[in-house]
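Trainee: Take a look at the following structure, please.
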Amino acid sequence: MMSAALILSMVLAVGIGLSLGLLGGGGTILAVPLLTYVAGMPPKEAIAASMFIIGVTSAVSVVAHAWRGNVQWRTGFIFGAAAMVGAFGGGLLGSQLPGVVLMVAFGVMMVATALAMILDRKAKQSGEDRKKLPLIKIILEGLVVGVVTGMVGAGGGFLIVPALVLLGGLSMPAAVATSLLIISLKSFTGLAGYLTTVSIDWGPVLMITSVTVVGALIGSALVKYVPEKALKKAFGYLVLAMGVVVFIQELPTAFGVGVSAAVIVLLAALLILRRIRSSSKRRFKETPSTLTNHH
């Protein structure tokens, strides 16, 4: 008989799948806290299990996106090969670090990802850049993303998608689909690194994986119907909230209550200041056009 925690984990796992199918990332950002705080797994086991869940789910999602012709196989395999090497090394390193260190590092990645999504930063692309495939930059980016995400268990979709758009010149639909190919490759190699020292209770992990796959298939089917900008911001706030939860849970253990409170206040202040700055910039840009219309 399934426990209440496992049932809740499976329900929430649908959201993880939806995130992967819609945005090409974000699955492990949610999966690790879910497995740790809801399913009750130790941090290292949760990270290893999340890699299996995200790897399988991403692989299934790739097939769904490939039917629509969105997967850029050559770019994906080049980036993915470099990320696999980095992820294996990151997984080996992460398996040797204390659980609290991994969770705090994961919280930092969650907050950084959330702020990037909420602020919706976009880089300009030129026509020439979109025609080229800068192999060295793609490989270096893949290695860096692989090491960081392999160590803390994040699939890296919200790092991979911008890299594919900026460095590989892919459109957003192609970047989302290709990101899933890379995540699946990298997740399995990161898992291999962790399994050298960590064991997994496969029963609940397989049940959660099956539900996550269903969510991902639904998400991939909804891609063309959901406004991307609104979805990114809403998801960004969700990830930010979960990052704060991780800090509340882990920072007092490692550094005390005072440091935990200071970090949360600093994050709130940073977000408020960035929002004020963004609003000021928008008003400044609108003013000249208003003056021109009066003339």
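No lab work stands behind these numbers, since they all come straight from the coordinates. This structure is a prediction, so every number in the text was calculated from the model and none was measured. Because the Cβ atoms are built from the backbone with ideal geometry, glycine has one as well, and the counts that use them run over all protein chains shown.
Trainee: How much FRET efficiency would the formula 1/(1 + (r/R0)^6) give for Ala230 and Lys137, where r is the Cβ-Cβ distance and R0 is 41 Å, rounded to 0.05?
Mentor: About 0.85, to the nearest 0.05.
Trainee: Quickly rank 142-149, 66-73 as a protection proxy: mean count of other C-beta atoms within 10 Å, highest first.
Mentor: 142-149, 66-73
Trainee: Sorted by packing (mean other beta-carbon atoms within 10 Å per residue), highest first, where do 81-93, 215-227, 43-55, 178-190 land?
Mentor: Going by the mean number of other Cβ atoms within 10 Å, highest first, we get 178-190, 43-55, 81-93, 215-227.
Trainee: Pop out the Kirkwood hydrodynamic radius of the range 4-240 from its pairwise C-alpha distances, inverse of mean 1/r, in Å to one decimal.
Mentor: 17.1 Å
Trainee: Okay, next question. Mind giving me the nanometre distance, one decimal, between the label points for Ala4 and Ser210, set 7 Å out from Cα along Cα→Cβ?
Mentor: Taking the simple label geometry, Ala4 and Ser210 are separated by 2.4 nm.
Trainee: Is there a pair in Lys44/Lys224; Lys44/Lys186; Lys44/Lys137 whose C-alpha atoms are over 28 Å apart, and which pairs would that be?
Mentor: Lys44/Lys224; Lys44/Lys137
Trainee: Could you sort 243-249, 134-140, 59-65 so that the peptide with the highest average Cβ count within 10 Å comes first and the rest follow in order?
Mentor: The densest-packed peptide leads the list: 59-65, 243-249, 134-140.
Trainee: Scan around Leu170 for amide H atoms under 5 Å from its own, H built in the peptide plane at 1.01 Å from N, and keep only partners 5 or more places away or cross-chain.
Mentor: Residues meeting the amide H criterion: Val165.
Trainee: Extending each Cα 7 Å along its Cβ direction at Met172 and Thr196, get the distance between those two points in nm, one decimal.
Mentor: 4.0 nm
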